[in-house]
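Right, one structure below, let's go through it.
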């Protein structure tokens, strides 16, 4: 069933803008839907052959560069491994007005696998008629301000099927290309001479290639723990490296105890030796076959040319007012989907709604100087709290240092409260929302 997207708020007349959205993943599709609701002319450029972004599983990897150490961008966009499942309940992984409900014949688990999210995004796209605005197999080469008195953006793209380059003019650009593609690698002495196989989790798909090996997994986050547990089933030994004991939750400690014969916890890697040895921070060593770096990803916008107005410094994209608008280029340039550790669909939807309504004239931004002051205050607050610069966009649901302005349109709490108090009151929707509330309370 196709859902009508007519905007209900007629307080102000719409200002119709021609907007380019870069990326057709979760953030890009949310952006397209909100822009259409505001009556904007939308073009979504997607480099792959389908919508879904990272949730579209790609078994291919770049065998020539498993570390992802070559110049950006990586040749293979996908970073999803075959066994990945949600770590958030499905009640928190749907858009506010399009429930991520179980469907007959599909993965009905509360924490489903990645394919179910991909199918949900396809359903969302179909329900709101978004495919007509999406241009697949189209790689964005360069985005830059066109010369002249009016602020317009030139977007240069390539049709990958025809290898034809096209330039188009847009009133605004929304960057929604995701940030789980470009590997972030540690700096460890001896990486360049170590004789074994080194790879980033970006290139991991299945455990079988590591059968009977001694494997070191660097990084104790969600993917590191997933991959270590999966590889343990086929490997001779797995050594999971944690930066500190604070990373080792009680649940992980129980798992380590249960599988102590094949799964070992290690402190940080001190150095790598040419003969294949790995030296840990406590002086212990092992002879390993493979190292898998589960060390996160870098924000990467190789197509974006703002002449220095927006930079990426130690994984801090900035300056960005509320993680969305660069003050000197707002509102014609915006970013959707930058923050992490949020309920992604709701957060992205609220960000997209904010941008779409600013572009249509329903909402206004503070003056540039005030936006810049807000960004600087946020940076100072994070620094005072001891947060590393590369965690600038790591905002939890109730991180008050991230909520520095009064509108807070894209604050998860505002969005959730608004949604929970909306008019829908069917038994199904109430039960669904009660489930979400319990998730929020537990969190």
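Among the candidates 88, 139, the residue that is outside any helix (DSSP H, G or I), under 20 Å from the mean Cα position of the chain (by Cα), assigned by TED's automatic domain parsing to the domain that holds residue 171 and within 21 Å of residue 226 (Cβ to Cβ) is uniquely 88. Scanning region 41-72 for residues that are closer than 19 Å to residue 204 by Cβ, within 17 Å of the chain's Cα centre (by Cα) and surrounded by fewer than 20 Cβ atoms within 10 Å (Cβ to Cβ) yields 57, 58. The residues in region 330-349 that are touching a strand residue (DSSP E or B) at 6+ places or on another chain (Cβ under 8 Å), more than 15 Å from residue 394 (Cβ to Cβ) and either surrounded by fewer than 19 Cβ atoms within 10 Å (Cβ to Cβ) or touching a residue at least 60 places away in the same chain (Cβ under 8 Å) (or both) can be counted, and the count is 9. Residue count for region 186-245 satisfying the condition of being at positive phi and more than 24 Å from the chain's Cα centre (by Cα): 2. Of all positions in region 183-198, at least one carries a residue that is touching a helix residue (DSSP H, G or I) at 6+ places or on another chain (Cβ under 8 Å), within 29 Å of residue 136 (Cα to Cα) and assigned to a strand (DSSP E or B).
When each of 102, 147 is tested for being farther than 23 Å from residue 42 by Cβ, modelled with pLDDT under 95, over 23 Å from the mean Cα position of the chain (by Cα) and surrounded by fewer than 20 Cβ atoms within 10 Å (Cβ to Cβ), the lone residue that passes is 147.
Looking across 231, 155, 215, 173, one residue alone is surrounded by 17 or more Cβ atoms within 10 Å (Cβ to Cβ), in contact (Cβ under 8 Å) with a residue 40 or more places away in the chain and part of a helix (DSSP H, G or I). It is 231. When 308, 283 are checked against the criterion of being out of contact with any strand residue (DSSP E or B) (no Cβ under 7 Å at 6 or more places or on another chain), in the same structural domain as residue 366 (by TED's automatic domain parsing), at positive phi and surrounded by fewer than 20 Cβ atoms within 10 Å (Cβ to Cβ), a single residue qualifies: 308. When 225, 243 are checked against the criterion of being buried (at least 21 other Cβ atoms within 10 Å of the Cβ), more than 30 Å from residue 359 (Cα to Cα) and at pLDDT below 95, a single residue qualifies: 225. The residues listed here are 193, 215; of these, the one that is touching a strand residue (DSSP E or B) at 6+ places or on another chain (Cβ under 7 Å) and under 24 Å from residue 284 (Cα atoms) is 215. Residue 51 satisfies every condition listed in (1) at pLDDT below 95; (2) touching a strand residue (DSSP E or B) at 6+ places or on another chain (Cβ under 7 Å) except (1).
Being over 25 Å from residue 290 (Cβ atoms), at pLDDT 95 or above and surrounded by 17 or more Cβ atoms within 10 Å (Cβ to Cβ) holds for only one residue in 124, 111, and it is 124. Scanning region 292-325 for residues that are under 20 Å from residue 370 (Cβ atoms), within 19 Å of the chain's Cα centre (by Cα) and in a loop (DSSP other than H, G, I, E, B) yields 310, 319, 320, 322, 323, 324.
The values are calculated or read from the model by the stated rules, or taken from the named source; none is laboratory data. Predicted, not measured: the structure shown is a model, and the values here were computed from it. In this analysis, Cβ positions are derived from the backbone assuming ideal geometry, glycine residues included, and neighbour counts consider all displayed protein chains.
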